[in-house]
Structures are given as structure tokens and as C-alpha cells.
Amino acid sequence: MQRRIVIIVGHPDPSPKRLCRALASSYAEGARLAGHDVHEVDVAKLNFPFLRSMDEFRHGMIAPDLKEAIEAIKHADHLLFVFPLWLGTMPALLKAFLEQVMRPGIAFAYAQDGEAGLTKSLFANCSAHIVVTMGMPAILYRLWFLGHGIAGMRHGILNFVGIRPVRQTFLGSVETATDARRRKWLDRMRSLGARAG
């Protein structure tokens, strides 16, 4: 079954040499070969402001650079996020992007009088996969740090707006990884893309 996939590269450094971009490219290749519709968003190449108040979050203008990404995400069946772990969580630029695109009226709606609950999720038919690269061993991040920064993204952002299931893949010790190990990661991403996983 063909799926509409949006790949979001969250590395703030626009260099094409970054592992995150190679991983995203391999996923896109596998997805396209399998017949899926793929849209790519590179956060480092977008120009948008950081939100600085609740009023901006609720009513602020959408930056022109974000409109295409927002439309793609609104119609996606599956999202892939690829980014490096910085200080235990996602880089600030990716968080700023998510604050812009996961806003009221786009990703969720506040409940009206008489409606149950406080908010209504608007992305109920979408799944996601988070792929995180890191300098430390992945097992250390999982067991010692409990993956807290990524758990916050999964539950506090993606699940909140209705995106589920959300899977995650941690790729550790990337600075010392051999070429063979990197090729294995790229092959795995190609396979994931083919099955929109």
C-alpha cells in the first residue's frame, strides 16, 4: 500500500556530510523504490522565528518557509524524524520547528464548550519513527538516561497531537563507527523506507 511519507531532517548544520542526511537519503531511496510518496523537509534550510510567547504560539503568523512543510505533514500517513542527540534531547532548531508546526489549528484544537477533554488531536491517522544519532553508546542512553529527551518528544509532542504509534531507533557511538557499520545503518534505513516503518 502506498503511503505519504514526510522525512524531517533535524540536524541544524546544513552540511551534506552529516550522517543524519545520509540516513534520511537512504530511507527516501527505499521508500521511493517501493512506490511511496516522499516529501523531504530539511530544518536547517528553513527560515523561521522562534516563538516567544503564548500569543505567538496560538495566533502568530506562519513563516512562508514553513507553509509547504505544514501542508505535507497535515496530509502525511507517516513521519520520519532524523536528528543528532544534543544535551540529551533534540537540537533547539528542531524543537523550534515543532513548536511552529504543532500549533493550535494545525496539529490540535482546543475543546469548545460542551466537548470532552481539553484538546482535540488533529493528526490521528499518522504514525512516526524517530531516528537519533549520538556519540555515546545507545544502550547507555536507554538504560542510564532512560531516553528521557526522546520520550518527551514522543509523548509530549507527537502523541499529544494524535501521532501514533511512534517508534524509535538510537544509533550510538557514531564518531567511532566503522565504514561497515555505517553501511549497515544505511541499509537498515533503506529497508525501513521500503516498508514505511
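The values are calculated or read from the model by the stated rules, or taken from the named source; none is laboratory data. Not measured: the values here are computed from a predicted model. When we count neighbours, we look across all protein chains shown, and the Cβ atoms used for this are built from the backbone with ideal geometry, even at glycine.
Just one of Ser25, Ser53 is without any contact (Cβ under 8 Å) to a residue 60 or more places away in the chain and under 24 Å from Arg167 (Cβ atoms); which is it?
On the way: Ser53 fails: under 24 Å from Arg167 (Cβ atoms).
After applying the criteria, what remains is Ser25.
Going by the structure shown, is Phe97 within 16 Å of the chain's Cα centre (by Cα) and under 19 Å from Ala194 (Cα atoms)? Reasoning before the result, please.
Details: within 16 Å of the chain's Cα centre (by Cα): yes; under 19 Å from Ala194 (Cα atoms): no.
No.
Can you give me the ranges of the helices (runs of 4 or more DSSP H) entirely in the range 90-197 with at least 3 residues that are modelled with pLDDT of 95 or more and of a type outside the set (Val, Ile, Thr)? Give the derivation first.
Details: elements: 92-101, 138-143, 148-153, 179-194.
The helices (runs of 4 or more DSSP H) meeting that bar are 92-101, 179-194.
Quick one: count up the residues across the range 88-104 that are touching a helix residue (DSSP H, G or I) at 6+ places or on another chain (Cβ under 8 Å) and either free of Cβ contacts under 8 Å to residues at least 40 places away in the same chain or among the β-branched types (Val, Ile, Thr) (or both).
The qualifying residues number 2.
Taking the criterion of being out of contact with any Pro (no Cβ under 7 Å at 6 or more places or on another chain), free of Cβ contacts under 8 Å to residues at least 12 places away in the same chain and within 24 Å of Ser25 (Cβ to Cβ), would at least one residue in the range 148-165 satisfy it? Give the steps one after another, and end with the answer.
Step one: list which residues in the range 148-165 are out of contact with any Pro (no Cβ under 7 Å at 6 or more places or on another chain), which gives 148-165.
Then keep just the ones that are free of Cβ contacts under 8 Å to residues at least 12 places away in the same chain; that gives 151, 155-156, 159.
Among the residues that remain, those that are also within 24 Å of Ser25 (Cβ to Cβ) are: none.
Within the range 148-165, not a single residue is out of contact with any Pro (no Cβ under 7 Å at 6 or more places or on another chain), free of Cβ contacts under 8 Å to residues at least 12 places away in the same chain and within 24 Å of Ser25 (Cβ to Cβ).
Answer yes or no: is there a residue in the range 110-122 that is of a type in the set (Lys, Arg) and in contact (Cβ under 8 Å) with a residue 24 or more places away in the chain. I'd like the intermediate steps shown before the answer.
Here is the first cut: in the range 110-122, the residues of a type in the set (Lys, Arg) are 120.
From the residues that got through so far, the ones that are in contact (Cβ under 8 Å) with a residue 24 or more places away in the chain too are none.
No, there is no match, as no residue in the range 110-122 is of a type in the set (Lys, Arg) and in contact (Cβ under 8 Å) with a residue 24 or more places away in the chain.
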